[in-house]
Amino acid sequence: MTDEQRPPHAEGTARRAWPWIWMYHAVGDPTDDPYGITVAPERLDRQLRTLRARGLRGVSVTTLLRAHARGRAAGLVGLTFDDGYADFVRSALPLLRRHGCTATLFVLPGRLGGANDWDPKGPRRPLVTAGQIRAAAAQGTEIGSHGLFHRDLTALTDAQLRDETVRSRDLLREITGRAPAGFCYPYGTTDRRAADAVRDAGYAYACAIAPGPAAGPYALPRTHISHADRRARLAVKYLRHRMRPAPGFAPVAVPPAVQEASL
């Protein structure tokens, strides 16, 4: 077993600054975007160029957490893409590769090849297929679960909660050949019951948005990155990130079986 394959150990439990995780969604035309979640490919290219110019490299959340546990995450930023839009493969992945970055793509295995029907205002965007998930994974992308159908976990029955966590994980294992380490809460909402369900389903970590005092390995905070974010705005968001209280949770022990081509 190599050092990269070995899970973090207890000596990494000292308090450190939060690892910085960026949150993206769609990559395409931002003009028809009532939710402010679409970044144009050209803007993503500039944002990644800014990241690299500052001596930082975008990586998957699993890679970031392993480095964080060893005190080696200073030059790394986690990159996440929620909802599993098909434009990730077409538009984002080539740019990530151009800049020497990787990312985590959170997908909805219950909506493969479908669309974002949960957004009442639209516009409708196609979601990844099983083949596109495998293609992204083959190019070094970490695949995580965003639940089964994009439902608010805090409002579900026990059976529905199990579907969103356990069943989605099983389906992704069938698609990629490995169980995902990460989960991302739809809408960013979570509570103790939802976080416990994610942990009990076997995930090593979960991403939220701004969990506040509940932050920990199953409610990792993230920074929303929009089309409006240029160099100055990114600098301000970095300062806000640095002002978060230091976490008191132990490092996430990612199972050795969860491997990435980027490691």
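The values are calculated or read from the model by the stated rules, or taken from the named source; none is laboratory data. As the structure is a prediction and not an experimental result, all values here were calculated from the model. Cβ atoms come from the backbone with ideal geometry, glycine included; neighbour counts cover every protein chain shown.
Here Thr154 meets the list (1) farther than 24 Å from Thr223 by Cβ; (2) surrounded by fewer than 17 Cβ atoms within 10 Å (Cβ to Cβ) almost entirely, failing just condition (1).
Among the conditions (1) part of a loop (DSSP other than H, G, I, E, B); (2) farther than 16 Å from Thr104 by Cα; (3) at pLDDT below 80, the only one that Ala228 does not satisfy is (3). Assessment of the stretch 199-221 against the conditions (in a helix (DSSP H, G or I), over 17 Å from the mean Cα position of the chain (by Cα), at pLDDT 95 or above and surrounded by fewer than 18 Cβ atoms within 10 Å (Cβ to Cβ)) yields at least one matching residue. None of Thr104, Thr165, Thr154 is in contact with an Asp or Glu (Cβ under 7 Å, 6 or more places away or on another chain) and closer than 17 Å to Tyr187 by Cβ except Thr154. For the stretch 34-50, a tally of residues being surrounded by 15 or more Cβ atoms within 10 Å (Cβ to Cβ) and without any contact (Cβ under 8 Å) to a residue 60 or more places away in the chain returns 4. Taking Val128 as the residue in question, decide whether it is of a type in the set (A, V, I, L, M), closer than 22 Å to Val61 by Cβ and within 17 Å of the chain's Cα centre (by Cα). In short, yes. Within the stretch 62-74, can one find any residue that is within 19 Å of His224 (Cβ to Cβ) and either at pLDDT below 95 or of a type in the set (D, E, K, R) (or both)? No: the stretch 62-74 contains no residue that is within 19 Å of His224 (Cβ to Cβ) and either at pLDDT below 95 or of a type in the set (D, E, K, R) (or both). Only residues that are touching a residue at least 24 places away in the same chain (Cβ under 8 Å) and either touching a His at 6+ places or on another chain (Cβ under 9 Å) or surrounded by fewer than 22 Cβ atoms within 10 Å (Cβ to Cβ) (or both) were counted across the stretch 51-66, and they come to 4. If the condition is being out of contact with any His (no Cβ under 9 Å at 6 or more places or on another chain) and of a type in the set (Val, Ile, Thr), then the stretch 182-224 contributes Thr189, Thr190, Val198.
Output the number of residues of the stretch 94-123 satisfying the condition of being part of a loop (DSSP other than H, G, I, E, B), touching a residue at least 12 places away in the same chain (Cβ under 8 Å) and not acidic (Asp, Glu).
Our first condition is that a residue be part of a loop (DSSP other than H, G, I, E, B); within the stretch 94-123, this holds for 99-103, 108, 112-114, 116-123.
Next cut, touching a residue at least 12 places away in the same chain (Cβ under 8 Å) only: 99-103, 108, 112-114, 116, 118-119, 121-123.
So of that shortlist, the ones also not acidic (Asp, Glu) come out as 99-103, 108, 112-114, 116, 118, 121-123.
The total comes to 14.
Checking Ala210, Ala215, Ala194 one by one, the residue that is more than 20 Å from His68 (Cα to Cα), out of contact with any strand residue (DSSP E or B) (no Cβ under 7 Å at 6 or more places or on another chain) and among the small types (Gly, Ala, Ser) is Ala194 and no other. If you take the residues in the stretch 134-180 that are among the hydroxyl-bearing types (Ser, Thr, Tyr) and in a helix (DSSP H, G or I), which one is farthest from Gly78 (Cα to Cα)? Here the residue is Thr154. The number of residues in the stretch 135-167 that are touching a Gly at 6+ places or on another chain (Cβ under 6 Å) and among the small types (Gly, Ala, Ser) comes to 1.
Within the stretch 124-133, being surrounded by 15 or more Cβ atoms within 10 Å (Cβ to Cβ) and either without any contact (Cβ under 8 Å) to a residue 40 or more places away in the chain or not in a strand (DSSP E or B) (or both) holds for Arg125, Val128, Thr129, Ala130, Gln132, Ile133.
Counting only residues that are assigned to a loop (DSSP other than H, G, I, E, B) and either touching a residue at least 60 places away in the same chain (Cβ under 8 Å) or out of contact with any Asp or Glu (no Cβ under 7 Å at 6 or more places or on another chain) (or both), how many does the stretch 189-198 have? I'd like the intermediate steps shown before the answer.
Pass one, the stretch 189-198, residues assigned to a loop (DSSP other than H, G, I, E, B): 189-191.
Then keep just the ones that are either touching a residue at least 60 places away in the same chain (Cβ under 8 Å) or out of contact with any Asp or Glu (no Cβ under 7 Å at 6 or more places or on another chain) (or both); that gives 190-191.
Looking only at that region, the number is 2.
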